[in-house]
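The values are calculated or read from the model by the stated rules, or taken from the named source; none is laboratory data. Values in this document were obtained by computation on a predicted structure and should not be read as measured data. With ideal geometry, Cβ positions are generated from the backbone for all residues, glycine too; neighbour counts draw on all protein chains shown.
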Amino acid sequence: MKIAIIAVGQKLPAWANAAVQDYLARLPRDFPVAMREIRPEPRQGQPIARLQSAEAERLRAAVPAGAHLIALDEKGKDWATADLAQALGQWRDHCLQPAFLIGGPDGLDPQLRKQAALCLRLSSMTLPHALARVVLVEQIYRAWSILHSHPYHRA
């Protein structure tokens, strides 16, 4: 299974990049997670719908062919880590390639959210985009550890 994380945003701050790289390095080679950044649309007084639409086109272009889309959204389902682990196991068993989409400052385009197989939220609290990426990668690593009975996750 190959996992893609595609996020609208600029270069991560050093602290967030170090955390993301640390968790990615912990994953074994047979469980690859690729992170891709998409350029945000310039905000210069444009309507939010226009910004989201332009960013959605860039996100769609970056999604691997045939990927199983998971939109990260504040109104998405609230899963526990065990739920994510179970889903990753099912996606792996059904040869699905999940692609997690993180929108820009104004969120994801509504049409893109509708196209996703799943809308998921990381927290009931609002997270900065850099922290959301760290949390997502850590949770993917934790879910992997549950699937492989690795001692990282202690429930």
**Request:** Could you pull out the residue among Ala34, Ala56, Ala49 that is within 30 Å of Ile146 (Cα to Cα), of a type in the set (Gly, Ala, Ser) and not in a loop (DSSP other than H, G, I, E, B)?
**Result:** Ala34
**Asked** Do any residues in segment 7-27 that are under 18 Å from Ser145 (Cβ atoms) have Cβ atoms under 7 Å from those of residues that are β-branched (Val, Ile, Thr) and at pLDDT 95 or above, where the two are at least six apart or on different chains, and which pairs are they?
**Response** Ala19/Val134; Val20/Val134; Val20/Val137; Tyr23/Val137; Leu24/Val33; Leu24/Val137; Leu27/Val33
**Every residue from segment 107-155 that is buried (at least 17 other Cβ atoms within 10 Å of the Cβ), over 19 Å from Met35 (Cβ atoms) and touching a Gly at 6+ places or on another chain (Cβ under 7 Å)** = Cys119, Arg121
**Prompt:** Just to be sure, is Leu120 at pLDDT 95 or above and assigned to a loop (DSSP other than H, G, I, E, B)?
**Reply:** no
